[in-house]
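**Q** Below is the structure I would like to discuss, written out as structure tokens.
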Amino acid sequence: MDKATVFPKYESYRDSGFDWLGDIPSDWKLQRLATVFEERKEKVSDKDFPPLSVTKNGVVPQLESAAKSDDGDNRKGVREGDFVINSRSDRKGSSGIAKQDGSVSLINIVLKPKGIVHRYSEHLLKSNGFIEEFYRNGHGIVADLWTTRYWDMKSIHIPLPDMATQDRIANFLNQKTVEIDEAIVKKQRLIELLNEQKNILINQAVTKGLNPNAPLRDSGFEWIGKVPSHWNVKRLRFVGTTQNGISAGAEYFGSGFPFVSYSDVYNNRELPKEVKGLAKSSEHDRVQYSIENGDVLFTRTSETVEEIGFASTCMETIKNSTFAGFLIRFRPLNGYLIPGYSKYYFSAQVHRSYFVGKMNLVIRASLSQELLKNLPVLIPPKVEQKLIFEHIETESVKYDKSIALQQQQIDTLKEFKATLISEAVTGKIKL
């Protein structure tokens, strides 16, 4: 679609009094959320109401990878047309209108619309402005996690045009967002293909080496297969030490010394040299939970197994730092691994079957130190580790450039979509 389209404005505007809304059309109402949504607090069983997952893509039948609760009789009831939103900041943006009756975990807020068009409410409450306002009203649980409850959000003011206008906005956004989403999906498929090719390159290098004629032997692990005969194979417990991250109250987070968060690890194969998080850590904390050159951090806990066991390697000591409780630090013993090799070995796709297959799924997926210590580590000679690192760095550049280009285009489309939704539901453009 044409991103240069200029939309008309409403005849007059007034100040809403709220930063996330700004000016709204003069004839639109401004009402507390509690006046157009009623909290549904019905306790149900997943035996009677099928379990649903609340994701960034909306409310869907429970994902196979979702953490399952042992207490299936203690869930919240959902009816078709309800708006459901995950209350926790680590699932930011996970919300949507339920397309069927069902049940969700207790960490979700279930809202029954009254006096608002369902489809309009979905666009409004999934807009970036509302999402930020929702979590701004929340409270901390631990260092990098906070939650928002119904009583925190019920006084948020939302803009309400008449029903006909709500319908018109919803129809327009439904059509245009589908067009944008289809363009995004095509680019995401291309990125998936490029990543598959890059993963093959990495897996081959860290499990077979660079010499195609090297003699091979059985590694002893089915998902790894044969490895060069001269490589050592050891369990991680014999190669270094492990340490869970720091657990502290919300007052710990926000100022002070560098703090490595869950997202720093999940989103990066190599830890950023300058992390954005800050924590009021003590001298003892900064010793016990330090991050040094060569350390590898693993994601430890989440709601889905797909997010567990992701690894990020520290290539340069982050002075005076600590790291989040949702992470495990692996610190190699001297002589075994160089940081560059660790960067690609521990983040290689080949290990996913190990982490997913042995994951502890209760309320949340959880990676224990004991499970991590049993991870096999392939150890080439240090000279060969360096060559493997340099080979992957050189060969992966072409994939990274192509992926970055596609991702930049996706980000532009997503930004346009978010802006279009925001401007439509707050009355900045007239539809």
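**Q** Arrange the peptides 278-290, 12-24 so that the one whose residues have, on average, the most other Cβ atoms within 10 Å appears first. All intermediate terms of the calculation are to be shown ahead of the outcome.
**A** Numbers: 278-290: 16.5, 12-24: 14.8.
Top of the packing list down: 278-290, 12-24.
**Q** For the chain, what is the accessible area per residue in Å² when the probe is 1.4 Å?
**A** Accessible area per residue: 48 Å².
**Q** Beyond a 27 Å Cα-Cα separation, which of these cross-linked pairs lie in this structure: Lys176/Lys401; Lys126/Lys280; Lys47/Lys414; Lys319/Lys398; Lys29/Lys430; Lys99/Lys417? Don't skip to the answer; put the middle values down first.
**A** Working: Lys176/Lys401 29 Å; Lys126/Lys280 33 Å; Lys47/Lys414 38 Å; Lys319/Lys398 33 Å; Lys29/Lys430 16 Å; Lys99/Lys417 22 Å.
Result: Lys176/Lys401; Lys126/Lys280; Lys47/Lys414; Lys319/Lys398 exceed 27 Å.
**Q** Peptides 174-183, 95-104: what's the order by average Cβ count within 10 Å, highest mean first?
**A** Working: 174-183: 13.2, 95-104: 20.6.
The packing order, highest mean first, is 95-104, 174-183.
**Q** I've got another one for you. Put a dot 7 Å past each Cα toward the Cβ at Gln408 and Lys43; how far apart are the dots in nm?
**A** The modelled label-to-label distance comes out at 5.5 nm.
**Q** Using a basic spin-label model with each label point 7 Å from the Cα along Cα→Cβ, how many nm lie between Val6 and Thr241?
**A** 6.6
**Q** Report the gain in length on full extension from Asp101 to Glu196: 0.36 nm times residue separation, minus Cα-Cα distance, nm rounded to one decimal. Intermediate values should be presented prior to the final figure.
**A** Values: separation 95, 0.36 × 95 = 34.20 nm, distance 3.75 nm.
Full-extension gain reported as 30.5 nm.
**Q** So for each of 152-158, 118-124 I average, over its residues, the number of other beta carbons within 10 Å; can you give me the resulting order with the highest mean first?
**A** Details: 152-158: 18.4, 118-124: 21.4.
Peptide ranking by packing, descending: 118-124, 152-158.
**Q** Roughly how many percent of the accessible protein surface of the chain is carbon and sulfur, given a 1.4 Å probe and a whole-percent answer?
**A** Values: 10350 of 20650 Å².
Answer for the chain: carbon and sulfur cover 50 percent of the accessible area.
**Q** If you take the Cα Rg of the chain and divide it by 2.2 N^0.38 Å, with N the number of residues, what do you get?
**A** 1.12
The values are calculated or read from the model by the stated rules, or taken from the named source; none is laboratory data. Just so we're clear, the structure is a prediction, and the values are computed from it rather than from any experiment. For neighbour counting, all protein chains shown are included, and Cβ atoms are generated from backbone atoms with ideal geometry for every residue, glycine included. What goes into the accessible areas is simple: the full protein's heavy atoms, side chains included, and nothing from ligands, DNA or RNA. Shrake-Rupley method; radii C 1.70, N 1.55, O 1.52, S 1.80 Å.
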